[in-house]
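Take a look at the structure set out below.
Read the figures in this text as sums done on the coordinates, not as results from a lab. This structure is a prediction, so every number in the text was calculated from the model and none was measured. When we count neighbours, we look across all protein chains shown, and the Cβ atoms used for this are built from the backbone with ideal geometry, even at glycine.
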Amino acid sequence: MSHLHTGSCLCGAVKFELDGEFKKFFLCHCSRCRKTSGTAHCANLFAPGARLNWLSGEDKLSFYRLENTNFARTFCSVCGSNMPTDAKSRGLVVVPAGCLDTDVDLTPQAHIFMDSKGNWDTNSNSLPTFAAMPTS
Ligand SMILES: [Zn+2]
Ligand SMILES: [Zn+2]
């Protein structure tokens with residue numbers, strides 16, 4: 001059975017398809033994810049053994065690895081959107097859930113690195129919700 005997912009960056013330069021199955025879905029609150037996302041946590045899908053195929057914009061991709069760590073980010077150099085990282089040495093593809101244009105058949109399974117979360121990251125489950133930007 002094939003599991004084909006597609007995604008793209010905000011400016012549309014980078015497009016990809018991923019052939020594989022998502023096995024894990026974590027919301028990571030570590031300080032590295034907070035820095036690179038600018039928000040409370042990353043939402044990362046893990047697809048072991050998946051095949052990542054860049055459909056366009058591969059030349060626009062930038063790659064950053066934090067020195068002496070496994071922490072890496074692939075992102076569009078035009079608009080800064082986080083893109084999948086093909087962690088070949090670990091045999092898996094890590095996909096930021098927000099860059100997908102296809103539905104995901106998993107929901108987040110855990111909040112991880114909660115010991116490093118921001119001090120303001122406390123009550124997101126009890127906040128009021130709005131369909132779009134509130135008007136007042
Ligand atoms: Zn872009
Ligand atoms: Zn993290």
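Just how many pairs of Lys in the chain have C-alpha atoms closer than 27 Å, counting pairs that are eight or more places apart or on different chains? Lysine pairs meeting both conditions in the chain amount to 15. For the chain, what is the calculated [θ] at 222 nm in deg cm²/dmol (nearest 500), taking -39500 (n - 2.57) for each run of four or more DSSP H residues and dividing by its residue count? After summing the helix terms and dividing by the residues of the chain, the value is -1500 deg cm²/dmol.
Packing around the peptides 42-48, 56-62, taken as the average count of other Cβ atoms within 10 Å per residue, puts them in this order, highest first: 42-48, 56-62.
Pairs of alpha carbons in the chain separated by more than 19 Å make up 55% of all such pairs.
Each peptide among 86-92, 65-71 gets the average number of other Cβ atoms lying within 10 Å of its residues, and from highest to lowest they stand as 86-92, 65-71. Working ranking of peptides 103-109, 49-55, 119-125 by packing, defined as the average number of other Cβ atoms within 10 Å per residue, highest first, is 49-55, 103-109, 119-125.
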